[in-house]
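A.B. asks: Quick one: the structure is below, questions incoming.
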Amino acid sequence: MLSGSAFARRCRITAVLLCALLAGCSEKPLRIGINPWIGYDVIPMAQRWDWIGPEIELVDTASGADSLAALASGELHAACLTLDEVIRGIDAGLPLSIVAVMDTSSGADSLLVRPDIADVAQLRGRRIALQASGVGMLMLTAALESGGLSIADVQLIDAKSGQLLELWQSGAVDAAATYEPFARVLRGTGARTLLSSRDTPELIFDVIAVHRDAIAGRQKTLEKLVSAVLRAQAHVHDNPVDALYRLASLQDKPVRITEEELRRIVLPTLDAQHRYFEQDSALLHAARRIHGLFVDARIIQRPQGNARLLDARFLPEPAS
Amino acid sequence: MTRVFACLGLLLACLLPLAPLPAGAQAQAQETPEPRIRVGISMERSSSIFSDQIASLRVFFRDIGRDRFTLHPLPPDELMQAIRNRQLDAAFLNPYQTAYAQYLDQRARPLVTFKASMPAGRVGGVGGVVLVRSGTTEIRELSDLRGRQVAIPHRLSFGGYAAPLYELHMADPALPDSLKISASGTHRDALEALLAGSADAAFIDTVVLEQLTDDGVVDRESVRVINAQDLPAYPAVTSTRLYPGWTLVGLPSLTAAQTDTMLAVLLDVRRRSIGGLHGDFSLAHSYEPVHRMLRELGLPPYHRTPALSWQDIWRNEPRTMLLWASITFVVFLLAGFLFIYARRIRALFQQEKLNARRERALRDMPTDVEPVDILPFVREQLDVVKGLTRSGFAGIYRVNAQTREIEAYAMAASALGADTAEPLDSEPLLPGGGWAECSESTCALTVNDYGGSRQQQPLPGACGPVERLLLSPVEAGSGALILGVANKSAAYDAQDLKTVELLSAQIWGTVRRSEAEAQLVARDREARASADLLQGIFDSFAGGIVVYSGAGGIQLINPMASEFFGIGARDAIGRRLTDYGWQFCDRDGQPMNQGSDPAARVMLQRTPISNLTVGVCRSDAQPSAWILVNVRPLLDSAGDIARIVVSFSDITSMRKAEAELEHQAYYDSLTGVPNRTLGIESLKLAMQQCQRRGRRVAVAYIDLDNFKEVNDSHGHEVGDMLLKVLAARMHVALREGDTLARIGGDEFVAVLCDLQRETDCLPVVERLLSLSTEPVTLDEKVLSPTASIGISFYPQGEVALDAEQLLRQADHAMYQAKTEGRNCFRLFDQASNQLLENKHQLVNDVRRGLTADEFCLHYQPKVDLVTGEIRGAEALIRWQHPERGLLAPARFLVPLENHSVLIDLGDWVIDQALRDLSSLPTSQRDLAVSVNISPPQLLVEGFAESIRERLAAYPAIEGRQLELEILETSALENTRDVAEVITRCAEFGVHFALDDFGSGYSSLVYLQALPIDTLKIDQTFVRNMTHESADLAILRAIVSLAQALDIRIVAEGAETEEHCRLLRALGCEVAQGYAFARPMPLAELVRWLDDWQPSRALAGGRVTAPAPAPAPAIGAD
């Protein structure tokens, strides 16, 4: 006869083994790619609090472009991307759907110029550095459009964000479209912000995009991911002091810089998330605008509709 | 935090003197024209450090020149009391106290937040630290604190109370209440309590641990932090989330100007370097997170309403509670009564309802159903029974008492998982299973504990356990069919039994009635169908059927018979066919006995008649129709004839067709006179008869002269009409008993019999001849036919003759008449007969020789007289006769002239020549061969085509190597046809030569009309040629004629050198004859050709073979 405690232990062991077995049988974890960006750090923050379980695996990538490549190769099921990256991904044939908005840029992306350039019109014929596949192109396209110019009117120099400082200091470029923290570095050497995403509100979105093939069988996981993200975003709203230190700790940056970066983005509330997923939302407007800009600039080849761009199934119910 | 407080105190002490509260402060405020700002501060730590720092910093603030503040350090609860009482204008408060102050008055505003500086960085927020002794192993995480003794500074401490409590609350909402918390007064006290072991854990503010460690108050190693957060950016250790830190709160009494002053000074601190002040100020954050925390924790000023317990109510309101309990009891009691009565009433209602439903079911049940619907009807009614008895199953089972088996008859759909559509097997009948008992006793049986006590009877087609069972025989007094219902949720009662009995009786009544009716209907239908079938056969039968009654009158007549005899079916009843004037005759047309027809005969003889051919006629006339009759008598039980069935088919047309065929077999269809067959038969008959009577028979063979020309010039229709006219005339010429037969195209035979003498036939023959030669006008054309007649007689002494021989003799005599000028008759004589016989024999012999391969070809070369080259060879036929030896053509060709066998022979010659040619050695393969061909063969239809096909069979032989030599005969008169054949043969290269030119019918017309290539001069001219002869003159003329017409010349019969020389001199190029070679077999020819030297020709050649008489080729050589 087993003693009571021995029996209980045995039951527990059986249960653990059963769980392990079931876990082994279930879907592979959802692999989500995250490149360094303050707006995306709420996800690791949620993970620290165990709001995200082992069914979601966070994969660090160097950039959104890398995330797109990994999505295309099947290494990733989802990724944190800028809206324009999503549109490029779809143009490249990836079936992507946006399931949540991470943040909107409000000053985090900017067009920096040498002090002698006073307005957009003076950019004509100038050399502008940017990462051709990045949000900088969007920033620049929008900026040039506001000054009545087009991409054809300037000289583009494709540069990784890490190379910008060197290019700037060598005088090889007259302007650069980039984002934090690289923008801050350039500002430190005297660059002037000609335009920033504050001038193009609700145009630069950071989102979670999911490969549609990966959705099947992972509805619960995605629901969990999105609600964890939203809970983490709510924490930033509810307790900014705590969130600041946590994000700074995650980024391994001084609090002051994290604070500044946080100031340059807007994290959506639950209500805002729901608004973004409504018909005719700012997010869809942005998508259409980016699409239009990119088509005009011949950056993307195929026209695309927004039919399956948004997938609001995983958002929690709005607070009543 | 101790140092922070120290700093704050220091700062404020610089700004304002310390003042007692409350009375002193009140008094000072009244005395001072410009009231000082009263700032409260929580006293939470040792005052020695506090005062030290005040001293060092007071200097700085004095320099600034502002001295308008009074500082009021108060214990936490007194501080909150002072705020509540509006005794302070501002206060430095921890986050908890700040939220508390805001709760007390919403006008309390956090103005600036203090951010302490630490070596590791600026402290932008505060939290709590949970400490245990480092030796403690049982507390590893927050949940391990459950039920533990915890030391805290005081209950208004934020990091030392509220923040850790909230962290515990987040981990498990029950945790905070389980703690045993003791307030020690200050952080240091709390720590000391922990280290002293009077508490298991201590909660303190963030930063405090670091400061106390720096001050040496606490050994860092002696304590361990629980739930330490991984926040490298935060310069201190924390166990909780972070919140806005200490803040200066502007209280409602603080004026706007004072607020500005305070903000200006405090925010300015950052710009200045103040020794000893470790930190600066920034604008305050929102304290909403702290409010939320306090709300959730239910800490003061927020409160959680405690749960109200029954004990509390009992304690407070015992009477009310008793009252309510009594009321509740009464209500329950009443409800119980109501429930019971309601059940009874409901049972009554249900009883009524059941009765009504049962009656409705009985009323609605059909009284009869179609046979095919019986089973569905029973199933449907079983469903009704099942519903009325509220059973789970209803079925009728057949119980077989003999075999002790139970089998399903019908089941309600979906009964016990039954498949009602499948045919069901049987199961053994189990004693004790209920069904057996019910069947034996033929009484109903109710078993309400079937599931528990009984042996379960397996039911075919149903599966599932039976709990309750009610069985009732379907028919009273019979246990063969049992209706069973089962598995009612409650026990079966008398009502259920009544329902089952009533319904089963009515169901079965309907089934029985329907079955009986169905049987009747089926029997009736079968009878009707059978009658319809017979009537159909009777009406549609292709033959006639007449049924007579035993009395002999017609009883039934089918439409065909009615139509055949032209009598109405109704009208005929009771009458006989003879009543309508119909008579019957036998196969030969002889009338049957008076009043007798086949039916009457059977009536008398009582035996059936099968396939009797009977003629049907009106009265005594010839039969107008023929029928094939079968008659059957039908006997009644007494053996008398009850009916006679006559069936017949009309075979009139068949009889007519037979007669026609017979006529065609013996009569000529054109002229209507007997044909050859009947003619021969008549002749045979006449020969027999005359022999018996001692008389003679003459056979006249009549052949119309030039009838072919009539056909050719006037057409076959005219020819046919002429034949008809002449046949009719000849028929007239004959005597009665004589026979005229047409035995060929224009050939007739008249058999004249019963002659006393042979000459008796002559008048008839002359009449025949004269009638045949009278002009005939046909189609406005006047034809003058003539005929040749040959006559033979029978008997001819002792010579045995048959009809064919007699006919052949007449034919021969007719031939004689023809050759002797036509339009006459000749009597047959024996001598000419012999010739005829010989010829006949020879033809047969030649045919046999061809089959036996007795013929062969010899070849005689033709030589160019100028060059000496070989210009070909002539093929000459020889017959290696088994009895007569090697025969030259003259021996068999001449007697057979114009006979068709020569065409066969000619074909053989051409074939053999080609065969020989192809077998020559390659060096001689180019040799040309000439073959003699008779004009009749040339004119055989398709001759040119046959030559082309023969040449095609030998691809190595070219057409130009074959030359056909045509004999000049009368047949060549038709030059147009001959020329056409020559032209067509020339298309594939075959040459033509005119043979024996000058010997026979030579006509220069041929030379002009026929496109021949070569002229062969008859050997008689050559042989008799001398310098002065007329032959030489003719030869010369022929040669010059041929040269003029561009025709080659070949001279036959060149036998000597002289011949050759003369011929060469005449300009004749080619010659053949013994001068060069005699005709020789193929093998010899091959050798001869090999040996031949062209120079010899110039010398006249050389004879290489023994010379028999010059042999004619086919025709002549």
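The values are calculated or read from the model by the stated rules, or taken from the named source; none is laboratory data. Everything numeric in this text was worked out from a predicted model, so none of it was measured. Neighbour counts run over all protein chains shown; Cβ positions are idealised from the backbone, glycine included. Each accessible area value is taken on the protein alone, full model and side chains, heavy atoms only, with ligands, DNA and RNA left out. Shrake-Rupley method; radii C 1.70, N 1.55, O 1.52, S 1.80 Å.
A.B. asks: Could you tell me which of B:Gly885, B:Ile1017, B:Phe943 has its Cα farthest along the dipole of chain B towards the positive end, charges placed at Cβ (Lys, Arg +1; Asp, Glu -1), taken about the Cα centre?
C.D. replies: Selected residue: B:Phe943.
A.B. asks: To continue, here is another question. Counting C-alpha atoms alone, how compact is the stretch B:973-1074: give Rg to one decimal and Dmax as a whole number, in angstrom.
C.D. replies: When restricted to Cα atoms, the stretch B:973-1074 yields Rg and Dmax of 14.0, 43 Å.
A.B. asks: What ranking, highest mean first, results for peptides B:157-163, B:260-266 when packing means the other Cβ atoms within 10 Å averaged over each residue?
C.D. replies: B:157-163, B:260-266
A.B. asks: A further question on this structure: Leaving out ligands, DNA and RNA, and with a 1.4 Å probe, what % of the accessible surface on the protein assembly as shown is carbon or sulfur?
C.D. replies: Summing carbon and sulfur atoms, their accessible area is 52 percent of the total for the protein assembly as shown.
A.B. asks: Same structure again: Please give me the summed charge of the neighbours of B:Leu634: other residues whose Cβ is under 13 Å from its Cβ, Lys and Arg +1, Asp and Glu -1.
C.D. replies: +1
A.B. asks: Compute the semi-axes of the equivalent ellipsoid of the stretch A:130-222, taking the square root of 5 times each eigenvalue of the Cα gyration tensor, and list them largest first in whole Å.
C.D. replies: 31, 16, 13
A.B. asks: Next question, about the same structure. How would B:Arg319, B:Arg379 rank on accessible area, largest to smallest, probe 1.4 Å?
C.D. replies: So, going from the largest accessible area down, we get B:Arg319, B:Arg379.
A.B. asks: Continuing with the same structure: Would you mind putting B:387-398, B:279-290 in packing order, based on average other-beta-carbon counts within 10 Å, highest first?
C.D. replies: Those peptides, ordered most packed to least, come out B:387-398, B:279-290.
A.B. asks: So how exposed is B:Met560, as accessible area in Å² (1.4 Å probe, rounded to 10)?
C.D. replies: 40 Å²
A.B. asks: In straight Cα distance, which lysines are under 29 Å from B:Lys498, not counting same-chain residues fewer than 8 positions off?
C.D. replies: Answer for B:Lys498, where 29 Å is the Cα cut-off: B:Lys353, B:Lys386, B:Lys488, listed by chain and number.
A.B. asks: Next question, about the same structure. Looking only at A:Ile290, A:Ile265, A:Ile56, which one moves most when chain A is put into a Gaussian network model with springs between Cα atoms under 10 Å?
C.D. replies: Maximum among the listed residues: A:Ile56.
A.B. asks: Tell me, what is the per residue accessible area of the protein assembly as shown in Å², probe radius 1.4 Å?
C.D. replies: Here the per-residue accessible area is 48 Å².
A.B. asks: Average projected area of the Cα convex hull of the stretch B:629-745, in nm²?
C.D. replies: Reported value for the Cα convex hull: 13.1 nm².
A.B. asks: Can you tell me the orientation of helix B:318-364 relative to chain B, as the angle in degrees between its alpha-carbon axis and the longest Cα principal axis, to the nearest 10?
C.D. replies: 20 degrees
A.B. asks: Counting only other chains, what is the mean number of Cβ atoms within 10 angstrom of the Cβ of each residue in peptide B:112-125?
C.D. replies: Mean inter-chain Cβ contacts per residue within 10 Å come to 2.
A.B. asks: Can you pull the accessible area of B:Arg292 for me, 1.4 Å probe, Å² to the nearest 10?
C.D. replies: Its accessible surface works out to 70 Å², give or take rounding.
A.B. asks: Report D for the stretch B:59-217 in µm² per second (integer): Stokes-Einstein, Kirkwood Rh on Cα pairs, 25 °C, 0.890 mPa s.
C.D. replies: It comes out at roughly 141 µm²/s.
A.B. asks: Under 15 Å from the Cβ of A:Ile257, count the other residues' Cβ atoms, weight Lys and Arg +1, Asp and Glu -1, and hand me the total.
C.D. replies: +2
A.B. asks: OK, next. Kindly express, to the nearest 10 degrees and within the range 0 to 90, the angle between helix B:2-15's C-alpha long axis and the longest C-alpha principal axis of chain B.
C.D. replies: Helix B:2-15 sits roughly 60 degrees off the main axis of chain B.
A.B. asks: Please report, largest first and rounded to whole Å, the three semi-axes of the ellipsoid equivalent to the stretch B:519-597, where each semi-axis is the square root of five times an eigenvalue of the C-alpha gyration tensor.
C.D. replies: For the stretch B:519-597, the semi-axes come out at 33, 13, 11 Å.
A.B. asks: Okay, moving on. Can you give me the solvent accessible area of A:Thr221 with a 1.4 Å probe, rounded to the nearest 10 Å²?
C.D. replies: Using a 1.4 Å probe on the heavy atoms, I get roughly 20 Å².
A.B. asks: Here is a follow-up. Please average, across the residues of A:236-244, the number of beta carbons from any other chain that are within 10 Å of each residue's own beta carbon, and give a whole number.
C.D. replies: That works out to 6 on average.
A.B. asks: I've got another one for you. What is the helix-to-structure angle for B:830-851, meaning the angle in degrees between its Cα long axis and the longest Cα principal axis of chain B, kept from 0 to 90 and rounded to the nearest 10?
C.D. replies: So the helix axis and the longest Cα principal axis differ by about 30 degrees.
A.B. asks: For B:Arg38, what residues show an amide H to amide H distance below 5 Å, using hydrogens built from the backbone and excluding near sequence neighbours?
C.D. replies: Hits under the 5 Å cutoff: B:Thr70, B:Asp89, B:Ala90.
A.B. asks: What accessible area, summed over both chains, is buried at the A-B interface (1.4 Å probe, Å², nearest 100)?
C.D. replies: Buried: approximately 1300 Å² between B and A.
A.B. asks: Here's something else I'd like to know. Could you tell me what percent of the DSSP beta bridges with both partners in the protein assembly as shown are antiparallel, to the nearest 5?
C.D. replies: Expressed as a percentage, antiparallel bridges in the protein assembly as shown total about 70.
A.B. asks: Whole-Hz Karplus ³J(HN,Hα) for the stretch A:190-200, in order, using 6.51 cos²θ - 1.76 cosθ + 1.60 and θ = phi - 60°, x for Gly and Pro?
C.D. replies: Residue by residue, the stretch A:190-200 yields x, 5, 10, 7, 7, 8, 9, 5, 5, 7, 10 Hz.
A.B. asks: Once amide H atoms are built 1.01 Å from N in the peptide plane, which residues 5 or more positions from B:Lys115, or in another chain, come under 5 Å H to H?
C.D. replies: Placed amide hydrogens put B:Asp280, B:Phe281, B:Ser282 under 5 Å from B:Lys115.
A.B. asks: Counting Lys +1, Arg +1, Asp -1, Glu -1, what net charge surrounds B:Ser784 among other residues with beta carbon under 11 Å of its beta carbon?
C.D. replies: Residues close to B:Ser784 contribute a combined charge of -1.
A.B. asks: Could I ask something else about it? To the nearest 20 debye, what charge dipole does chain B have about its Cα centre, counting +1 at the Cβ of each Lys and Arg and -1 at the Cβ of each Asp and Glu?
C.D. replies: For this selection, approximately 7700 debye.
A.B. asks: To continue, here is another question. What lysines sit close enough to A:Lys28 to cross-link, taking a C-alpha to C-alpha distance under 20 Å and skipping anything fewer than 8 places away on the same chain?
C.D. replies: Those lysines meeting the cut-off are A:Lys220, A:Lys224.
A.B. asks: Can you sort B:Trp314, B:Trp324, B:Trp626 by 1.4 Å-probe accessible area, starting with the largest?
C.D. replies: B:Trp324, B:Trp314, B:Trp626
A.B. asks: Taking each full run of DSSP H in chain A as one helix, which ones are at least 20 Å long along their axis (Cα atoms) and have mean Kyte-Doolittle hydropathy of at least 0.5?
C.D. replies: Those that pass (Cα extent of 20 Å or more, hydropathy at least 0.5) are A:4-25, A:282-296.
A.B. asks: Can you list the HN-Hα couplings for the stretch B:214-224, worked out from phi with the Karplus curve (6.51, -1.76, 1.60; θ = phi - 60°), rounded to whole Hz and with x for Gly and Pro?
C.D. replies: 4, 6, x, 6, 10, 8, 4, 6, 7, 10, 10
A.B. asks: Taking amide hydrogens as modeled 1.01 Å from N in the peptide plane, which residues meet the under 5 Å criterion relative to A:Leu309, leaving out close sequence neighbours?
C.D. replies: Residues meeting the criterion, in which the H sits 1.01 Å from N, do not exist here.
A.B. asks: Determine the residues within the stretch A:249-265 where the difference in accessible area between the chain on its own and the full set of protein chains amounts to at least 20 Å²; count protein heavy atoms only and use a 1.4 Å probe.
C.D. replies: Listed by number, the residues meeting the 20 Å² cut-off are A:Ser249.
A.B. asks: I would also like to ask the following. Which whole-Hz ³J(HN,Hα) couplings does the stretch A:147-164 yield from phi under the Karplus relation 6.51 cos²θ - 1.76 cosθ + 1.60, θ = phi - 60°, glycine and proline marked x?
C.D. replies: x, x, 9, 10, 4, 5, 7, 10, 10, 8, 10, 6, 8, 6, 4, x, 8, 4
A.B. asks: If you don't mind, there's one more thing I want to ask. Which sequence of A:His274, A:His237 reflects their accessible areas, 1.4 Å probe, from the largest down?
C.D. replies: Greatest to least solvent exposure: A:His237, A:His274.
A.B. asks: At q = 0.07 Å⁻¹, what log₁₀ I(q)/I(0) does the protein assembly as shown have when each alpha carbon counts as one equal point scatterer in the Debye sum?
C.D. replies: The Debye formula, applied to the Cα set alone, gives -1.02.
A.B. asks: Moving to a separate point now. Antiparallel as a % of all DSSP beta bridges within chain B, to the nearest 5?
C.D. replies: The answer is about 75 percent antiparallel.
A.B. asks: Enumerate lysine pairs in the stretch B:691-839 that are 8 or more residues apart or on different chains, then count those whose Cα atoms are under 23 Å apart.
C.D. replies: Pairs that pass both the separation and distance tests number 6.
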